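Quick note: the coordinates plus some simple rules give every number you see, no bench work behind them. A quick note: this is a predicted structure, and the numbers were derived from the prediction, not measured. With ideal geometry, Cβ positions are generated from the backbone for all residues, glycine too; neighbour counts draw on all protein chains shown.
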Amino acid sequence: MRQLTAMLHRGEPKEGGFWATCLEVPGANGQGESRQECLASLAEAVQLMLQTEREEALKNDPSAQEVPLSV
């Protein structure tokens, strides 16, 4: 399991709720009425984007290999 950074924001006062982005996965966004709901939404978006990118990379180069990377 990876640890990523979520930037959690409060919604506009009239709207309420929360919205969040992930610094390490540009384009991944989440929203929800509670912090927990928002972060769960963001986690789902991150997983979907990473899986889509993985599938696309393997589709473009079936001989590509996945290797662990520590930064």
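Residue separation of Arg35 and Lys14 scaled by 0.36 nm, minus their Cα-Cα distance, works out to 5.9 nm of gained length. Scalar couplings 3J(HN,Hα) for region 41-58, obtained by applying the Karplus form with A = 6.51, B = -1.76, C = 1.60 to θ = phi - 60°, are 5, 5, 4, 5, 5, 4, 4, 5, 5, 5, 5, 5, 5, 4, 4, 5, 4, 6 Hz; x denotes Gly and Pro. A simple rule links phi to the HN-Hα coupling: the Karplus curve 6.51 cos²θ - 1.76 cosθ + 1.60 with θ = phi - 60°, which for region 4-20 gives 10, 9, 9, 9, 9, 10, 7, x, 4, x, 6, 9, x, x, 9, 9, 8 Hz, with x for Gly and Pro. Stretching Ala64 away from Met49 to a fully extended chain increases their span by 3.6 nm, per 0.36 nm per residue minus the current alpha-carbon distance.
Tell me, what is the percent relative contact order of the chain, built from C-alpha pairs under 8 Å that lie six or more residues apart? Walk me through the intermediate numbers first.
Working: 88 pairs, mean separation 13.4, N = 71.
Once normalised by length, the contact order is 19 percent.
Dividing the summed -39500 (n - 2.57) terms of all DSSP H runs of n ≥ 4 by the residue count of the chain sets its mean residue ellipticity at 222 nm at -13000 deg cm²/dmol. Taking GluC sites (Glu not before Pro) across the chain, the ones in a DSSP loop with at most 15 further Cβ atoms lying within 10 angstrom of their Cβ are Glu15, Glu24, Glu33, Glu66.
Exposed loop sites were defined as trypsin sites (Lys or Arg not before Pro) in DSSP loop states (anything but H, G, I, E or B) carrying at most 13 other C-beta atoms within 10 Å; in the chain the longest segment without such a site runs 15-71.
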